[in-house]
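Asks: The structure under discussion is supplied below as structure tokens; questions concerning it will follow.
Rule-based calculations on the coordinates, nothing more; no lab input. As the structure is a computational prediction, the values presented were derived from the model and not from experiment. We place every Cβ from the backbone using ideal geometry, glycine too, and count neighbours over all the protein chains shown.
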Amino acid sequence: MKCFKNFFRYIAQILSFLIFLQSCNVYRSQSISLEQAAQTDQKVRVVARGEKLPFRRIESKNEGFYGYTKERSSTSKKLQKLDIIGREDGKFYRFSLQSLEIDKIQVRNKSTSTLATIGVIVVGLAVIIVSIGLIAWSEGGILSY
């Protein structure tokens, strides 16, 4: 019974690590302008004042640029600490980017993000399968009584 408990604890740690990595995003190293970021309508990461601020999208409205993020996201909290107040806009909060001292804007690399996510899942599953096989074949493993 102790073997089962340790085995399932190990599997739970691996699965929680895989779930944690499901949300990984890879961004391009090139910096783009606010105008280009508004045209892409993709996730972007803005680096300003030493803070990395991921936004769902950037939009141009009335001669200004706005970043959209969820209300309770880490980006929203960081912006509020910088005294930038957001306004509710549907299910997202809209923050004006005019007062930020933007160092760089990076767009999300969709293909690399997808490949990284799939790669993590495949490697994780391979580790689980190998672990199950090793425990099953070892002395005192799952199959022995």
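Asks: Using 1/(1 + (r/R0)^6) with R0 = 35 angstrom and r between the beta carbons of Arg87 and Ser131, what's the FRET efficiency to the nearest 0.05? It would help to have the intermediate numbers written out before the result.
Replies: Numbers: r = 50 Å, r/R0 = 1.41.
Taking R0 as 35 Å, the efficiency between Arg87 and Ser131 is 0.10.
Asks: Please work out the FRET efficiency for the pair Ile11 and Arg72, using the Cβ-Cβ distance as r and a Förster radius of 35 Å; give the result to the nearest 0.05.
Replies: Details: r = 31 Å, r/R0 = 0.88.
Once rounded, the FRET efficiency stands at 0.70.
Asks: Turning to a different aspect of this structure: Given 0.36 nm per residue, what is the gain on full extension from Val123 to Lys61 after removing their alpha carbon distance, in nm? Don't skip to the end; give the middle numbers.
Replies: On the way: separation 62, 0.36 × 62 = 22.32 nm, distance 4.38 nm.
So the extension gain works out to 17.9 nm.
Asks: With only Lys, Arg, Asp and Glu charged, each at its Cβ (+1 for the first two, -1 for the last two), find how big the charge dipole of the chain is about the Cα centre; round to the nearest 20 debye.
Replies: For the chain, the charge dipole is close to 280 debye.
Asks: Grab the beta carbon distance between Ser99 and Cys24, set R0 = 30 Å, and tell me the FRET efficiency rounded to 0.05. Please list the in-between numbers first.
Replies: On the way: r = 30 Å, r/R0 = 0.99.
For Ser99 and Cys24, the calculated efficiency is 0.50.
Asks: Please report, ordered by residue number, every helix of the chain (full DSSP H runs) that is 18 Å or longer along its axis going by C-alpha atoms and whose mean Kyte-Doolittle hydropathy reaches 0.0. Don't jump to the answer; show the numbers that get you there.
Replies: Numbers: long enough: 2-21 (29 Å, 1.09); 110-137 (41 Å, 1.94).
Going by DSSP H runs, the hits are 2-21, 110-137.
Asks: Taking a temperature of 4 °C and a viscosity of 1.567 mPa s, what whole-number D in µm²/s does Stokes-Einstein yield for the chain with Rh from Kirkwood over alpha carbon pairs? List each step's numbers first, then the result.
Replies: Values: Rh = 18.1 Å.
Approximately 72 µm²/s, per Stokes-Einstein.
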